[in-house]
Amino acid sequence: MSTPKLFDTIDVGTQTLKNRLAMAPMTRNRAHNEANAPTELHAEYYSQRASAGLILSEGSQISRQGMGYIDTAGIHSQEQIEGWKKVLEAVHQNEGVMYSQLWHVGRVSHTWFHDGEPPVSSTNKNANTQVFTPEGFQPTSTPRALSTEEVEAVVQDFRQAARNAIEAGFDGVQIHGANGYLVEQFLHDSINDRTDRYGGSVKNRARFLFEVLDAVIEEVGSDKTSLRLSPSNLMATENDSESKALYEYVIRKLNEEYELAFLELVEPLADLSDHPQLAENVLAYYGPFYDGVLMTNGNYDRIAAINVVEEGKADMVSFAREFLANPDLPKRFAQNAPLNEPDRDTFYGGDAKGYTDYPFLEEMEIKG
(Lines give C-alpha, C1' and ligand atoms only; values in the text may rest on other atoms or scores of the structure.)
Protein backbone atom coordinates (compact mmCIF):
# COMPACT_ATOMS: atom_id res chain seq x y z
CA MET A 1 0.00 0.00 0.00
CA SER A 2 1.36 3.42 -0.93
CA THR A 3 1.98 6.11 1.67
CA PRO A 4 -0.88 8.62 1.88
CA LYS A 5 -0.16 12.00 0.25
CA LEU A 6 -0.57 13.66 3.66
CA PHE A 7 2.96 12.46 4.41
CA ASP A 8 4.44 13.50 1.05
CA THR A 9 6.59 16.58 0.52
CA ILE A 10 5.04 19.71 -0.96
CA ASP A 11 6.48 22.94 -2.35
CA VAL A 12 5.10 25.95 -0.50
CA GLY A 13 6.52 29.34 -1.39
CA THR A 14 10.29 29.14 -1.16
CA GLN A 15 10.30 25.89 0.84
CA THR A 16 9.89 22.18 0.21
CA LEU A 17 7.98 20.92 3.23
CA LYS A 18 8.61 17.41 4.52
CA ASN A 19 4.91 16.63 4.97
CA ARG A 20 1.51 18.27 4.56
CA LEU A 21 0.69 18.57 8.25
CA ALA A 22 0.81 22.10 9.64
CA MET A 23 0.80 23.22 13.24
CA ALA A 24 -1.97 25.80 13.50
CA PRO A 25 -1.57 29.08 15.42
CA MET A 26 -2.42 28.76 19.11
CA THR A 27 -2.56 31.55 21.70
CA ARG A 28 -1.03 30.11 24.87
CA ASN A 29 -0.08 33.30 26.77
CA ARG A 30 3.44 32.27 27.84
CA ALA A 31 5.31 35.55 27.17
CA HIS A 32 5.60 36.41 30.87
CA ASN A 33 7.74 39.52 30.61
CA GLU A 34 7.24 43.25 30.29
CA ALA A 35 8.40 43.23 26.67
CA ASN A 36 5.93 40.52 25.61
CA ALA A 37 8.88 38.78 23.99
CA PRO A 38 9.29 35.03 23.36
CA THR A 39 11.43 33.17 25.88
CA GLU A 40 13.52 29.99 26.03
CA LEU A 41 10.29 28.16 26.84
CA HIS A 42 8.87 29.22 23.47
CA ALA A 43 12.04 28.00 21.78
CA GLU A 44 11.68 24.59 23.41
CA TYR A 45 7.98 24.38 22.61
CA TYR A 46 8.26 25.20 18.92
CA SER A 47 11.44 23.21 18.30
CA GLN A 48 9.78 20.14 19.84
CA ARG A 49 7.18 20.36 17.05
CA ALA A 50 9.60 20.87 14.16
CA SER A 51 8.54 17.58 12.54
CA ALA A 52 5.47 19.44 11.26
CA GLY A 53 5.69 20.26 7.60
CA LEU A 54 5.04 23.85 8.62
CA ILE A 55 4.68 25.60 11.97
CA LEU A 56 2.44 28.66 12.15
CA SER A 57 3.33 30.76 15.16
CA GLU A 58 0.84 31.92 17.75
CA GLY A 59 -0.75 35.18 16.70
CA SER A 60 1.85 37.92 17.19
CA GLN A 61 0.51 41.43 17.62
CA ILE A 62 1.91 43.84 15.05
CA SER A 63 1.78 46.76 17.51
CA ARG A 64 0.77 47.47 21.08
CA GLN A 65 -2.48 48.79 19.58
CA GLY A 66 -3.11 45.31 18.14
CA MET A 67 -2.96 43.52 21.50
CA GLY A 68 -5.98 42.05 23.28
CA TYR A 69 -4.74 39.26 25.55
CA ILE A 70 -2.05 39.20 28.21
CA ASP A 71 1.35 37.60 27.67
CA THR A 72 1.13 37.20 23.90
CA ALA A 73 4.47 37.41 22.09
CA GLY A 74 4.53 40.35 19.69
CA ILE A 75 6.56 41.13 16.57
CA HIS A 76 6.85 44.94 16.80
CA SER A 77 9.84 45.63 19.07
CA GLN A 78 13.53 44.80 18.92
CA GLU A 79 13.27 42.77 22.13
CA GLN A 80 10.56 40.67 20.54
CA ILE A 81 12.59 40.21 17.37
CA GLU A 82 15.57 39.04 19.45
CA GLY A 83 13.34 36.60 21.33
CA TRP A 84 11.95 35.16 18.12
CA LYS A 85 15.48 34.79 16.74
CA LYS A 86 16.21 32.26 19.47
CA VAL A 87 12.98 30.42 18.68
CA LEU A 88 13.81 30.23 14.97
CA GLU A 89 17.37 29.11 15.64
CA ALA A 90 16.01 26.18 17.65
CA VAL A 91 13.35 25.33 15.06
CA HIS A 92 15.81 25.46 12.17
CA GLN A 93 18.32 23.33 14.08
CA ASN A 94 15.59 20.68 14.13
CA GLU A 95 15.00 21.21 10.38
CA GLY A 96 11.66 22.89 10.90
CA VAL A 97 9.94 25.54 8.78
CA MET A 98 8.03 28.31 10.55
CA TYR A 99 5.84 31.27 9.57
CA SER A 100 4.89 34.19 11.80
CA GLN A 101 1.18 34.92 12.10
CA LEU A 102 0.68 38.70 11.97
CA TRP A 103 -2.18 39.71 14.26
CA HIS A 104 -4.23 42.77 15.12
CA VAL A 105 -7.21 42.02 17.36
CA GLY A 106 -8.96 45.35 16.77
CA ARG A 107 -12.03 45.64 19.00
CA VAL A 108 -11.47 42.23 20.63
CA SER A 109 -9.56 43.98 23.37
CA HIS A 110 -9.83 45.92 26.63
CA THR A 111 -8.84 49.37 27.82
CA TRP A 112 -6.23 47.72 30.11
CA PHE A 113 -4.02 47.12 27.06
CA HIS A 114 -4.28 50.73 25.89
CA ASP A 115 -3.54 52.79 29.00
CA GLY A 116 -7.23 53.27 29.69
CA GLU A 117 -8.07 54.33 26.14
CA PRO A 118 -10.53 52.35 24.01
CA PRO A 119 -9.30 49.74 21.53
CA VAL A 120 -9.70 50.49 17.83
CA SER A 121 -11.75 48.95 15.05
CA SER A 122 -13.57 49.73 11.82
CA THR A 123 -16.48 50.78 14.05
CA ASN A 124 -17.49 51.82 17.56
CA LYS A 125 -19.63 48.70 18.10
CA ASN A 126 -18.61 46.50 21.03
CA ALA A 127 -17.55 42.93 20.16
CA ASN A 128 -19.51 41.62 23.16
CA THR A 129 -17.06 38.84 23.88
CA GLN A 130 -14.29 38.31 26.43
CA VAL A 131 -10.53 38.77 26.49
CA PHE A 132 -7.82 37.49 28.84
CA THR A 133 -6.55 40.25 31.18
CA PRO A 134 -4.51 40.26 34.42
CA GLU A 135 -7.87 39.95 36.22
CA GLY A 136 -8.86 36.91 34.15
CA PHE A 137 -11.38 36.91 31.34
CA GLN A 138 -13.15 40.28 31.09
CA PRO A 139 -15.79 41.71 28.73
CA THR A 140 -14.39 43.59 25.74
CA SER A 141 -14.34 47.37 25.88
CA THR A 142 -16.28 49.53 23.44
CA PRO A 143 -13.89 50.53 20.63
CA ARG A 144 -13.49 53.72 18.66
CA ALA A 145 -13.46 53.75 14.87
CA LEU A 146 -10.10 54.34 13.21
CA SER A 147 -9.89 57.42 11.03
CA THR A 148 -9.03 56.91 7.37
CA GLU A 149 -5.46 58.06 8.05
CA GLU A 150 -5.18 55.70 11.00
CA VAL A 151 -6.28 52.76 8.85
CA GLU A 152 -3.45 53.59 6.47
CA ALA A 153 -1.06 53.63 9.43
CA VAL A 154 -2.21 50.15 10.51
CA VAL A 155 -1.44 48.87 7.01
CA GLN A 156 2.11 50.13 7.49
CA ASP A 157 2.26 48.40 10.89
CA PHE A 158 1.57 45.12 9.09
CA ARG A 159 4.35 45.95 6.63
CA GLN A 160 6.83 46.63 9.42
CA ALA A 161 5.81 43.49 11.30
CA ALA A 162 6.43 41.38 8.19
CA ARG A 163 9.88 42.96 7.87
CA ASN A 164 10.52 42.22 11.55
CA ALA A 165 9.46 38.61 11.11
CA ILE A 166 11.95 38.00 8.32
CA GLU A 167 14.66 39.73 10.37
CA ALA A 168 13.86 37.34 13.21
CA GLY A 169 14.41 34.36 10.90
CA PHE A 170 10.86 33.31 10.06
CA ASP A 171 10.52 31.54 6.71
CA GLY A 172 7.38 33.50 5.87
CA VAL A 173 4.34 35.22 7.35
CA GLN A 174 0.64 34.61 7.61
CA ILE A 175 -1.83 37.50 7.83
CA HIS A 176 -4.54 36.71 10.38
CA GLY A 177 -7.78 37.45 8.56
CA ALA A 178 -10.02 35.20 10.65
CA ASN A 179 -11.80 34.73 14.00
CA GLY A 180 -13.44 38.12 14.30
CA TYR A 181 -10.21 40.14 14.51
CA LEU A 182 -9.44 43.39 12.68
CA VAL A 183 -9.55 42.12 9.08
CA GLU A 184 -13.01 40.64 9.62
CA GLN A 185 -14.07 43.83 11.40
CA PHE A 186 -13.58 45.55 8.05
CA LEU A 187 -14.95 42.73 5.88
CA HIS A 188 -18.28 42.09 7.63
CA ASP A 189 -21.20 44.46 7.15
CA SER A 190 -22.56 43.43 10.56
CA ILE A 191 -19.59 45.35 12.00
CA ASN A 192 -18.29 47.77 9.37
CA ASP A 193 -20.54 50.86 9.24
CA ARG A 194 -17.96 53.19 7.72
CA THR A 195 -18.72 55.83 5.10
CA ASP A 196 -15.17 56.34 3.80
CA ARG A 197 -13.40 54.23 1.17
CA TYR A 198 -13.15 51.31 3.61
CA GLY A 199 -16.92 50.95 4.04
CA GLY A 200 -20.07 50.28 2.05
CA SER A 201 -19.60 47.95 -0.92
CA VAL A 202 -17.94 44.54 -0.82
CA LYS A 203 -14.98 45.99 -2.71
CA ASN A 204 -14.59 48.78 -0.17
CA ARG A 205 -14.94 46.49 2.86
CA ALA A 206 -12.26 44.21 1.38
CA ARG A 207 -9.95 47.15 0.64
CA PHE A 208 -8.18 46.99 4.02
CA LEU A 209 -7.37 43.29 3.58
CA PHE A 210 -5.90 43.80 0.13
CA GLU A 211 -3.94 46.89 1.16
CA VAL A 212 -2.41 44.84 3.99
CA LEU A 213 -1.62 42.02 1.57
CA ASP A 214 -0.04 44.42 -0.93
CA ALA A 215 2.11 46.04 1.78
CA VAL A 216 3.32 42.72 3.18
CA ILE A 217 4.04 41.30 -0.28
CA GLU A 218 6.00 44.41 -1.22
CA GLU A 219 8.07 43.87 1.90
CA VAL A 220 8.75 40.11 1.90
CA GLY A 221 7.45 38.72 -1.42
CA SER A 222 4.30 36.82 -2.31
CA ASP A 223 6.15 33.51 -2.01
CA LYS A 224 6.61 34.21 1.72
CA THR A 225 3.10 35.52 2.34
CA SER A 226 0.01 33.55 3.31
CA LEU A 227 -3.47 34.38 4.58
CA ARG A 228 -5.91 32.77 7.01
CA LEU A 229 -9.65 33.26 6.43
CA SER A 230 -12.70 31.91 8.26
CA PRO A 231 -15.61 32.61 5.87
CA SER A 232 -18.24 31.04 8.15
CA ASN A 233 -16.91 32.44 11.40
CA LEU A 234 -19.24 33.50 14.21
CA MET A 235 -16.56 34.29 16.80
CA ALA A 236 -16.94 37.95 17.85
CA THR A 237 -19.03 38.63 14.73
CA GLU A 238 -22.41 37.97 13.15
CA ASN A 239 -20.45 37.69 9.89
CA ASP A 240 -21.82 39.30 6.74
CA SER A 241 -25.37 39.49 5.41
CA GLU A 242 -24.09 38.22 2.03
CA SER A 243 -21.15 36.20 3.27
CA LYS A 244 -20.93 33.85 0.31
CA ALA A 245 -20.73 36.72 -2.18
CA LEU A 246 -18.20 38.56 -0.01
CA TYR A 247 -15.80 35.67 0.38
CA GLU A 248 -16.24 34.51 -3.20
CA TYR A 249 -15.12 37.99 -4.26
CA VAL A 250 -12.13 37.88 -1.90
CA ILE A 251 -10.99 34.36 -2.82
CA ARG A 252 -11.46 34.83 -6.57
CA LYS A 253 -9.41 38.04 -6.37
CA LEU A 254 -6.69 36.20 -4.44
CA ASN A 255 -6.68 33.50 -7.09
CA GLU A 256 -6.57 35.87 -10.06
CA GLU A 257 -4.25 38.61 -8.83
CA TYR A 258 -1.98 37.07 -6.17
CA GLU A 259 0.43 34.14 -5.94
CA LEU A 260 0.45 33.47 -2.22
CA ALA A 261 2.55 30.77 -0.61
CA PHE A 262 -0.77 29.29 0.51
CA LEU A 263 -4.30 30.17 1.59
CA GLU A 264 -5.72 28.66 4.79
CA LEU A 265 -9.50 28.27 5.13
CA VAL A 266 -11.03 27.54 8.53
CA GLU A 267 -14.19 25.48 8.89
CA PRO A 268 -17.02 26.77 11.14
CA LEU A 269 -16.96 25.82 14.81
CA ALA A 270 -20.57 26.81 15.57
CA ASP A 271 -24.06 25.67 14.62
CA LEU A 272 -25.01 27.55 11.45
CA SER A 273 -28.69 26.62 11.39
CA ASP A 274 -29.69 30.23 12.13
CA HIS A 275 -27.24 31.59 9.55
CA PRO A 276 -28.29 30.32 6.12
CA GLN A 277 -26.05 32.93 4.45
CA LEU A 278 -22.96 31.04 5.66
CA ALA A 279 -21.41 28.02 3.94
CA GLU A 280 -21.63 24.96 6.19
CA ASN A 281 -18.64 23.35 4.46
CA VAL A 282 -16.12 26.08 3.77
CA LEU A 283 -13.67 23.93 1.83
CA ALA A 284 -16.35 22.44 -0.43
CA TYR A 285 -17.91 25.82 -1.18
CA TYR A 286 -14.86 28.06 -1.60
CA GLY A 287 -12.14 25.57 -2.53
CA PRO A 288 -13.13 25.47 -6.23
CA PHE A 289 -12.47 29.23 -6.49
CA TYR A 290 -8.79 28.83 -5.60
CA ASP A 291 -6.06 27.14 -7.65
CA GLY A 292 -3.06 27.75 -5.40
CA VAL A 293 -1.82 25.77 -2.40
CA LEU A 294 -4.81 25.37 -0.12
CA MET A 295 -4.68 24.51 3.58
CA THR A 296 -7.76 23.47 5.55
CA ASN A 297 -8.38 23.61 9.30
CA GLY A 298 -11.18 22.56 11.59
CA ASN A 299 -11.89 19.43 13.63
CA TYR A 300 -10.03 17.01 11.37
CA ASP A 301 -8.85 13.68 12.69
CA ARG A 302 -6.21 11.45 11.12
CA ILE A 303 -8.53 9.68 8.66
CA ALA A 304 -10.32 12.86 7.61
CA ALA A 305 -6.99 14.61 7.02
CA ILE A 306 -5.66 11.73 4.93
CA ASN A 307 -8.84 11.61 2.88
CA VAL A 308 -9.16 15.34 2.19
CA VAL A 309 -5.62 15.47 0.80
CA GLU A 310 -5.91 12.14 -1.02
CA GLU A 311 -9.07 13.36 -2.76
CA GLY A 312 -7.36 16.58 -3.84
CA LYS A 313 -9.76 18.84 -1.97
CA ALA A 314 -6.91 20.43 0.00
CA ASP A 315 -3.13 20.33 -0.19
CA MET A 316 -2.43 20.61 3.55
CA VAL A 317 -4.24 20.25 6.88
CA SER A 318 -3.47 22.27 9.99
CA PHE A 319 -3.98 20.99 13.53
CA ALA A 320 -3.98 22.93 16.79
CA ARG A 321 -4.66 20.99 20.00
CA GLU A 322 -3.42 17.75 18.47
CA PHE A 323 -0.02 19.39 17.91
CA LEU A 324 -0.07 20.96 21.36
CA ALA A 325 -0.51 17.57 23.05
CA ASN A 326 1.54 15.57 20.54
CA PRO A 327 4.81 17.27 19.56
CA ASP A 328 5.52 14.35 17.21
CA LEU A 329 2.08 14.32 15.60
CA PRO A 330 3.28 13.45 12.05
CA LYS A 331 5.00 10.32 13.37
CA ARG A 332 1.96 9.31 15.40
CA PHE A 333 -0.32 9.81 12.40
CA ALA A 334 2.02 7.89 10.11
CA GLN A 335 2.11 4.96 12.54
CA ASN A 336 -1.55 5.34 13.53
CA ALA A 337 -0.29 5.51 17.13
CA PRO A 338 -2.35 6.66 20.14
CA LEU A 339 -2.51 10.39 20.84
CA ASN A 340 -1.96 12.29 24.07
CA GLU A 341 -5.00 14.20 25.29
CA PRO A 342 -4.59 17.99 25.69
CA ASP A 343 -4.86 19.42 29.21
CA ARG A 344 -7.45 22.19 28.87
CA ASP A 345 -6.65 23.60 32.32
CA THR A 346 -3.20 24.67 31.07
CA PHE A 347 -4.20 26.21 27.72
CA TYR A 348 -3.90 29.86 28.76
CA GLY A 349 -1.02 31.15 30.84
CA GLY A 350 1.17 29.06 33.10
CA ASP A 351 4.57 27.55 32.45
CA ALA A 352 5.99 24.32 31.04
CA LYS A 353 3.10 22.23 32.34
CA GLY A 354 0.74 21.50 29.48
CA TYR A 355 3.14 23.22 27.09
CA THR A 356 6.51 21.49 26.77
CA ASP A 357 5.96 18.43 28.99
CA TYR A 358 3.78 16.30 26.69
CA PRO A 359 5.57 12.99 26.06
CA PHE A 360 6.93 11.91 22.69
CA LEU A 361 5.97 8.49 21.37
CA GLU A 362 9.43 7.08 22.20
CA GLU A 363 9.08 8.08 25.84
CA MET A 364 5.71 6.35 26.08
CA GLU A 365 7.11 3.21 24.45
CA ILE A 366 10.00 3.12 26.94
CA LYS A 367 7.63 3.53 29.88
CA GLY A 368 5.34 0.92 28.41
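The values are calculated or read from the model by the stated rules, or taken from the named source; none is laboratory data. Note that the structure is a prediction, hence the values are computed from the model and not measured. Glycine gets a Cβ as well: all are built from the backbone with ideal geometry, and neighbour counts include every protein chain shown. Ligands, DNA and RNA are excluded from the accessible area calculation, which covers all protein heavy atoms including side chains. Shrake-Rupley method; radii C 1.70, N 1.55, O 1.52, S 1.80 Å.
Points to keep in mind about this one:
- Dividing the summed -39500 (n - 2.57) terms of all DSSP H runs of n ≥ 4 by the residue count of the chain sets its mean residue ellipticity at 222 nm at -9500 deg cm²/dmol.
- For the chain, built as a Gaussian network whose Cα springs stay under 10 Å, the top-fluctuating residue of Met316, Met67, Met26: Met26
- Taking 7 Å steps out from each Cα toward its Cβ at Glu363 and Ser147 produces label points 5.4 nm apart.
- Choice from Val108, Val154, Val87 showing the highest fluctuation, given a GNM over the chain with Cα pairs closer than 10 Å: Val154
- Axial C-alpha extent at least 15 Å, average Kyte-Doolittle at least 0.0 - helices from the chain (DSSP): 207-220
- Qualifying lysines (Cα of each under 20 Å from Cα of Lys353; at least 8 residues distant if same chain): Lys367
- Pairs of Cα atoms farther than 21 Å apart, the range 22-124, %: 33 percent
- Sequence-separation-based contact order of the range 1-154, relative, with Cα cut under 8 Å and 6+ spacing, percent: 20 percent
- The simple spin-label model puts a point 7 Å past each Cα toward its Cβ; for Glu257 and Glu341 those points are separated by 4.9 nm.
- Overall form of the range 284-368 per C-alpha gyration tensor (a/c, 1.5; a/b vs b/c): oblate
- Shape of the range 1-51, Cα gyration tensor, a/c cut at 1.5: prolate
- Length released on extending from His92 to Ala304, taking residue separation times 0.36 nm less the Cα-Cα span: 73.4 nm
- The distance separating the Cα centre of the range 122-179 from that of the range 14-63 comes to 18 Å.
- Once the Cα-Cα distance is subtracted from the 0.36 nm per residue extended length, the Ala325 to Gln78 segment shows a gain of 85.8 nm.
- Structure remark: mean-square fluctuation, Gaussian network model of the chain, C-alpha springs under 10 Å; the largest value among Thr142, Thr195, Thr346 belongs to Thr195.
- Entry note, the range 178-239: relative contact order of 45 percent, from Cα contacts under 8 Å with a spacing of 6+ residues.
- Too-long pairs where the Cα-Cα distance tops 31 Å, listed order kept, from Lys224/Lys331; Lys86/Lys313; Lys125/Lys224: Lys86/Lys313; Lys125/Lys224
- Globularity index of the range 68-111, i.e. its alpha-carbon radius of gyration over 2.2 N^0.38 Å: 1.40
- Nearby lysines by direct alpha-carbon distance to Lys244 (threshold 18 angstrom, same-chain neighbours under 8 apart not counted): Lys203, Lys253
- What the Cβ-Cβ distance of Asp193 and Gln156 gives, at R0 = 35 Å and to the nearest 0.05, is a FRET efficiency of 0.90.
- Estimated FRET transfer efficiency (His275, Asn29; beta-carbon r; R0 30 Å; 0.05): 0.50
- Sparsely packed GluC sites (Glu not before Pro) within the range 282-368, loop by DSSP, other Cβ within 10 Å at most 11: Glu311
- Additional length obtainable on full extension of the chain from Phe137 to Thr16, 0.36 nm per residue less Cα span: 39.5 nm
- Taking all C-alpha pairs of the range 86-203, those more than 24 Å from each other amount to 38 percent.
- Take the range 46-201 with all the other protein chains still there, run a 1.4 Å probe, and you get 33 Å² of accessible area per residue.
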